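The values are calculated or read from the model by the stated rules, or taken from the named source; none is laboratory data. What you are looking at is a predicted structure, and each value in this text was computed from that prediction instead of being measured. All Cβ positions, even for glycine, are placed from backbone atoms using ideal geometry, and neighbour counts span all protein chains on display.
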Amino acid sequence: MKKILLLIFLVWNLPVHSQQLPEMDEKDTAALIKASYLYNFAKLIDWPEAYKSGNFIISVMGSSNLHKELVKKYNSKQIGSQQIEIRKLSPTLNISKCHILYVGSESINMLPQIAETLKDKPILIVTDYTGSLENGSALNFEFVNGQWRYILKLKNATDKNLYIGSTLKSLALKVE
Amino acid sequence: MKKLFSILIICFIFSPVILNAQIKDKIEAAYALYNAGDFEAAAAAINEVVESPKGEKSKVAWHIRGFIYKDIYIQNEHTDPYSKARNEAIFSHKKCIENDPEGTLVAQSRNAITYLSISYYNDAIEIMDARNPKEISEADKLYDQYRDITLYLYPDSVLKNSDVDYYLAMSTAHRKIYERDRGKNEANWEFSNDYLTRVLELDPENWAALYSKSVSYYNKGAFNLERLPEAQGITDIYRIESESMRSIEFALPYMMKAYEIHPDKIEAVKGLKTIYRNLNKLEESDEMQILELQLEDNIKD
């Protein structure tokens, strides 16, 4: 009994350990990944000459996390000689000049009207909602086998005089 | 000291082993030096005794030697985790116990060993808390010393709880080092994870280890995505994303188990919400968000 008491004393009197539970990095990983895709789409698509001067504008409608991520990581980068500029748009049909327009799922109901408004402008519409390609989007993100991929609807880009490079086509999950 | 002295006198008088007079004189001389505070001279004198064939069998000589080296350790080497005096003190007390079948000096020697074993433990924790990447692995050696001595003193003792606490603390220490510079200290993430594995081998339902392991995998995957701005094209995005998502997928079963064990712990509910969301399992994530709100309401009530 004495032995047991001494052992209990010994173990109980050892200094308190510095064990701390880790905190989760509250990141929107989908936003991180999509932001990187958008930047690479910009590098792999050729815009008409009129769009090759001034800033390279990426507008984001909805999806504030994606907007934040683009601002944080890509705002200072360039596409060729063009400085990237990130703009946040509230749901609207009054869309000023940009190169890429990302329409988040919150505004997806407006997509057909947005596409109609922009049909003659070389603006690449990117979405992440099933069925968006039928409503004017050229690139749509899909989550397949645990990863974000994109499906390309070539016509929705070429009709707007956007030239899609072969790399972007060959790496797409599907080209329609 | 007085107590030690009286015990030694009794041992000298009643010891069944008749000590050679010369040995006895030398032990007394060493003891006098020790008593006078000249520990180094006392150590030299007692070493001469234990190195002789007859002195080597003397429990009293080893006992005194143990206290001499214990005091050298306390006086000169207590800040040195690799103190030789401490090792010598423990070795001497063990030799004393080995040569003391009657058990006259055993209790005192065991107490001295206990004291010294705790100092090993304290040193291990100190090294762990310093979180120096170059030295932290030394903590294991010191903890193992503490462990071995505890098992020597109490062979039937179960050190599972102590081991679990230690491994969790080591995991935390390595994680903190990793978090200081995730690029440079990636090996520490592996070490941190290994310690959690060791905890789960001992206690598969350890909530802290399950939760920590899940967060560790999730955070690693999420952090890996920070490399995306440097991605060299779409193929590189695929590669980085694939590594990250695999890590986040690894996080899920650990968090699920943590939740099963303690469904009322909000950390696990929040963890599942975040992991599900990042695996694009939005319905499951929303369910967890509802649970999270319910738990928060319960806390307020």
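Out of curiosity, is B:GLU190 in a helix (DSSP H, G or I), more than 28 Å from B:GLN75 (Cβ to Cβ), more than 13 Å from chain A (Cβ to nearest Cβ) and out of contact with any helix residue (DSSP H, G or I) (no Cβ under 9 Å at 6 or more places or on another chain)? Working first, answer last.
Values: in a helix (DSSP H, G or I): yes; more than 28 Å from B:GLN75 (Cβ to Cβ): yes; more than 13 Å from chain A (Cβ to nearest Cβ): yes; out of contact with any helix residue (DSSP H, G or I) (no Cβ under 9 Å at 6 or more places or on another chain): no.
It is false that B:GLU190 is in a helix (DSSP H, G or I), more than 28 Å from B:GLN75 (Cβ to Cβ), more than 13 Å from chain A (Cβ to nearest Cβ) and out of contact with any helix residue (DSSP H, G or I) (no Cβ under 9 Å at 6 or more places or on another chain).
Wholly within the stretch B:227-301, which helices (runs of 4 or more DSSP H) include no fewer than the required count, namely at least 2 residues that are in contact (Cβ under 8 Å) with a residue 40 or more places away in the chain and over 30 Å from A:GLY165 (Cα atoms)?
Working: elements: B:234-261, B:266-278, B:282-300.
Helices (runs of 4 or more DSSP H) meeting the threshold: B:234-261, B:266-278.
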Which of the following residues is over 8 Å from the mean Cα position of the chain (by Cα), surrounded by 14 or more Cβ atoms within 10 Å (Cβ to Cβ) and modelled with pLDDT of 95 or more: B:SER171, B:SER157?
B:SER171
Here are the criteria: (1) touching a residue at least 60 places away in the same chain (Cβ under 8 Å); (2) within 30 Å of B:HIS174 (Cα to Cα). Tell me which single one B:ASP129 does not satisfy.
(1)
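For the condition crowded, with 23+ Cβ neighbours inside 10 Å and more than 7 Å from chain A (Cβ to nearest Cβ), what is the one hit in B:TYR218, B:TYR178, B:TYR211? Write out each step before concluding.
Values: B:TYR218 fails: more than 7 Å from chain A (Cβ to nearest Cβ); B:TYR211 fails: more than 7 Å from chain A (Cβ to nearest Cβ).
Every option except B:TYR178 fails the conditions.
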For the subset of the stretch A:123-141 comprising residues that are closer than 14 Å to A:LEU173 by Cβ and at pLDDT below 95, which member is surrounded by the most Cβ atoms within 10 Å (Cβ to Cβ)?
A:ASP128
Could we say that B:SER212 is among the hydroxyl-bearing types (Ser, Thr, Tyr) and either modelled with pLDDT under 95 or in contact with a Gly (Cβ under 8 Å, 6 or more places away or on another chain) (or both) here?
no
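Answer yes or no: is there a residue in the stretch B:157-167 that is assigned to a helix (DSSP H, G or I), closer than 30 Å to B:ALA43 by Cβ, within 14 Å of another protein chain (Cβ to nearest Cβ) and of a type in the set (Val, Ile, Thr). Show your work before the answer.
Residues of the stretch B:157-167 assigned to a helix (DSSP H, G or I): B:160-167.
Now narrow it down to the ones that are closer than 30 Å to B:ALA43 by Cβ: none.
Checked the stretch B:157-167: no residue is assigned to a helix (DSSP H, G or I), closer than 30 Å to B:ALA43 by Cβ, within 14 Å of another protein chain (Cβ to nearest Cβ) and of a type in the set (Val, Ile, Thr).
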For the stretch A:130-176 the number of residues that are more than 14 Å from chain B (Cβ to nearest Cβ) and on the phi > 0 side of the Ramachandran plot is 3
Sole residue being of a type in the set (A, V, I, L, M, F, W, C) and touching a residue at least 60 places away in the same chain (Cβ under 8 Å), chosen from A:LEU124, A:LEU101, A:LEU171:
A:LEU124
Condition (residue is away from chain A (no Cβ under 13 Å), closer than 19 Å to A:ASN65 by Cα and surrounded by fewer than 19 Cβ atoms within 10 Å (Cβ to Cβ)) applied to the stretch B:274-288: is it met by at least one residue?
yes
Report, by residue number, each residue of the stretch B:66-124 that is surrounded by 15 or more Cβ atoms within 10 Å (Cβ to Cβ) and under 12 Å from B:ALA43 (Cβ atoms).
B:GLY66, B:PHE67, B:ILE68, B:TYR69, B:LYS70, B:ASP71, B:ILE72, B:TYR73, B:ALA85, B:GLU88, B:ALA89, B:SER92
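Restricting the search to the stretch B:174-187, which residues are part of a helix (DSSP H, G or I) and either under 10 Å from the mean Cα position of the chain (by Cα) or of a type outside the set (D, E, K, R) (or both)? Please lay out each step first, then the result.
Pass one, the stretch B:174-187, residues part of a helix (DSSP H, G or I): B:174-180, B:186-187.
Once the filter is applied, which keeps residues that are part of a helix (DSSP H, G or I) and either under 10 Å from the mean Cα position of the chain (by Cα) or of a type outside the set (D, E, K, R) (or both), the stretch B:174-187 yields B:HIS174, B:ILE177, B:TYR178, B:ALA187.
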